[in-house]
There are 2 protein chains.
Amino acid sequence: MDKILVFGHKSPDTDAVTSAISFSYLQNQLGLDTEAVALGEIGEETTFALNYFNVNKPRVVTTVSNEVKQVMLVDHNESQQSVEDIEKVEVLSVVDHHRIANFQTANPLYYRAEPVGCTNTIILKLYKEHGVTVPKDIAGIMLSAIISDTLLLKSPTCTDIDIASAKELAEIAGVDLENYGIELLKSGTKTSDKSAED
Amino acid sequence: MDKILVFGHKSPDTDAVTSAISFSYLQNQLGLDTEAVALGEIGEETTFALNYFNVNKPRVVTTVSNEVKQVMLVDHNESQQSVEDIEKVEVLSVVDHHRIANFQTANPLYYRAEPVGCTNTIILKLYKEHGVTVPKDIAGIMLSAIISDTLLLKSPTCTDIDIASAKELAEIAGVDLENYGIELLKSGTKTSDKSAED
Ligand SMILES: [Mn+2]
Ligand SMILES: [Mn+2]
Ligand SMILES: [Mn+2]
Ligand SMILES: [Mn+2]
């Protein structure tokens, strides 16, 4: 079985990095051989979250066709936000919460988008649909992404499902949502240029 | 609440027509006000299926922006296969089993695609995810679409999930899968130009 790379968008934010990790873990539990990678330097907020929950930083890549034939995209679909050689590989699946544009495939694929505040909110649903338990460390970084994308559940993009997912993940991760959320957002303020759109 | 139209592709086949009906029924159960319509004359095979299970033929439309602001697409996504004024309405959701191309939105949406043999196979999953019971008549036309798209479960596009779904729907519809399947496919042979790609 050939390896599949999973990645979020360029200039990765916390959702892009952690949704690659959480989706890759799910796919591996389902029997595939996938690896989460990042398309750029991992920022301070994301580093804080990964360290807090003892999750390894993913490898940073700039091309993928030199090592795999197939990929899975998370937290983006537009080709200009993706890896530079995206045209040279097959996109097997997309999990995303953005509009669809500048995206096309030659073959049918698995595409899961919902108008919610965070890709990890959708991925939590997928864990449940497949009956896969979310490990404590993965729950922590998924929670971090929801906090990051919804600015601690206060962005206009935040939905009831994001709020319920955040509460559930905080429980699994064993952290207080408010306290951890403020700590996480503070960790990113030095360098952040985040928008509620991410 | 404004009405939403649900439709499959132009030159509608059995999956295009019946997935609009089955998806519209699901959305209405979930509280929306939707109507299934068709983008062209309904063929003999589809007419046979609708008559067999006593389901009304949907209205045929050529434009939609004259009556609604929002639509839901089934069994297609490419704009050239869709209604001619698709650019003038908002696509709220897509359920499909084809490649993605020539499709873009201004806003986030609900998009559900899987590489299976028939849109109604995905819609059956959605009924289950939402805990909505499939009525006998709807089960019959959903089954008809799977038979039609997979040439009675024999096409290269047919997956294990399509086969399991067909068996389950035949049970609910109260028909023998093989016997009904052959009758259905025969009904369409006079005028059909179907391919396994539909
Ligand atoms: Mn995101
Ligand atoms: Mn993002
Ligand atoms: Mn179809
Ligand atoms: Mn079709």
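The values are calculated or read from the model by the stated rules, or taken from the named source; none is laboratory data. What you see is a predicted model, and the numbers here were worked out from it, not measured in a lab. Glycine gets a Cβ as well: all are built from the backbone with ideal geometry, and neighbour counts include every protein chain shown. Remember, those area values only see protein heavy atoms, side chains included, never the ligands or the DNA or RNA. Shrake-Rupley method; radii C 1.70, N 1.55, O 1.52, S 1.80 Å.
Just to be sure I understand, how many residues within the range B:167-179 are open to solvent by less than 90 Å² (accessible area, probe 1.4 Å) and free of Cβ contacts under 8 Å to residues at least 40 places away in the same chain?
Counting residues in the range B:167-179 that are open to solvent by less than 90 Å² (accessible area, probe 1.4 Å) and free of Cβ contacts under 8 Å to residues at least 40 places away in the same chain gives 6.
Let me spell it out: the conditions are (1) surrounded by fewer than 17 Cβ atoms within 10 Å (Cβ to Cβ); (2) within 16 Å of ligand 1 (Cβ to nearest atom); (3) over 27 Å from A:SER187 (Cβ atoms), and A:PRO156 meets all of them except one. Which number is the exception?
Unmet condition: (3).
Select from the range B:102-157 the residues that are more than 13 Å from ligand 3 (Cβ to nearest atom) and acidic (Asp, Glu) and write down the one among them that is farthest from B:VAL83 (Cα to Cα).
Filtering the range B:102-157 for residues that are more than 13 Å from ligand 3 (Cβ to nearest atom) and acidic (Asp, Glu), the one farthest from B:VAL83 (Cα to Cα) comes out as B:GLU129.
Would you confirm, using the coordinates I've provided, whether A:LEU73 is within 14 Å of chain B (Cβ to nearest Cβ), within 16 Å of ligand 2 (Cβ to nearest atom) and under 20 Å from A:VAL91 (Cβ atoms)?
Yes; evaluated as a whole, the condition is true for this residue.
Filtering the range A:126-156 down to residues that are of a type in the set (D, E, K, R) and without any contact (Cβ under 8 Å) to a residue 24 or more places away in the chain, which residue is nearest to the other protein chains (Cβ to nearest Cβ)?
A:GLU129
So for the range A:83-90 (the condition being farther than 21 Å from A:VAL175 by Cα, more than 12 Å from the chain's Cα centre (by Cα), at the interface with another protein chain (Cβ under 8 Å from one of its Cβ atoms) and modelled with pLDDT of 95 or more), does at least one residue qualify?
Within the range A:83-90 (the criterion being farther than 21 Å from A:VAL175 by Cα, more than 12 Å from the chain's Cα centre (by Cα), at the interface with another protein chain (Cβ under 8 Å from one of its Cβ atoms) and modelled with pLDDT of 95 or more), the answer is no, since none of the residues qualifies.
If A:GLU45 satisfies all but one of (1) out of contact with any Phe, Trp or Tyr (no Cβ under 6 Å at 6 or more places or on another chain); (2) surrounded by 18 or more Cβ atoms within 10 Å (Cβ to Cβ); (3) within 14 Å of chain B (Cβ to nearest Cβ); (4) among the acidic types (Asp, Glu), what's the number of the condition it fails?
Going through the list (1) out of contact with any Phe, Trp or Tyr (no Cβ under 6 Å at 6 or more places or on another chain); (2) surrounded by 18 or more Cβ atoms within 10 Å (Cβ to Cβ); (3) within 14 Å of chain B (Cβ to nearest Cβ); (4) among the acidic types (Asp, Glu), A:GLU45 breaks only (3).
Among the numbered criteria (1) closer than 19 Å to A:TYR111 by Cα; (2) among the hydrophobic types (A, V, I, L, M, F, W, C); (3) within 16 Å of ligand 4 (Cβ to nearest atom), which single criterion is violated by B:VAL91?
The number of the failed condition is (3).
Among the candidates A:ASN66, A:ASN102, A:ASN51, A:ASN56, which residue alone is in contact with a helix residue (DSSP H, G or I) (Cβ under 6 Å, 6 or more places away or on another chain), open to solvent by 10 Å² or more (accessible area, probe 1.4 Å) and without any contact (Cβ under 8 Å) to a residue 60 or more places away in the chain?
A:ASN102
If you take the residues in the range B:105-125 that are more than 8 Å from every other protein chain (Cβ to nearest Cβ) and either in a helix (DSSP H, G or I) or within 16 Å of ligand 1 (Cβ to nearest atom) (or both), which one is most open to solvent (accessible area, probe 1.4 Å)?
Looking at the filtered set, the residue picked out is B:LYS125.
Tell me whether the range A:52-59 contains one or more residues that are away from ligand 1 (no atom under 13 Å from the Cβ) and part of a helix (DSSP H, G or I).
Within the range A:52-59, one or more residues are away from ligand 1 (no atom under 13 Å from the Cβ) and part of a helix (DSSP H, G or I).
Among the residues of the range A:69-92, how many are open to solvent by less than 50 Å² (accessible area, probe 1.4 Å) and in contact with an Asp or Glu (Cβ under 9 Å, 6 or more places away or on another chain)?
Here the count works out to 7.
Looking at the range B:185-194, is at least one residue at pLDDT below 95, more than 23 Å from A:ARG112 (Cα to Cα) and part of a helix (DSSP H, G or I)?
Scanning the range B:185-194, I find at least one residue that is at pLDDT below 95, more than 23 Å from A:ARG112 (Cα to Cα) and part of a helix (DSSP H, G or I), so the answer is yes.
For A:LEU32, indicate whether it is within 14 Å of chain B (Cβ to nearest Cβ), open to solvent by 30 Å² or more (accessible area, probe 1.4 Å) and away from ligand 4 (no atom under 16 Å from the Cβ).
Criteria not met by A:LEU32.
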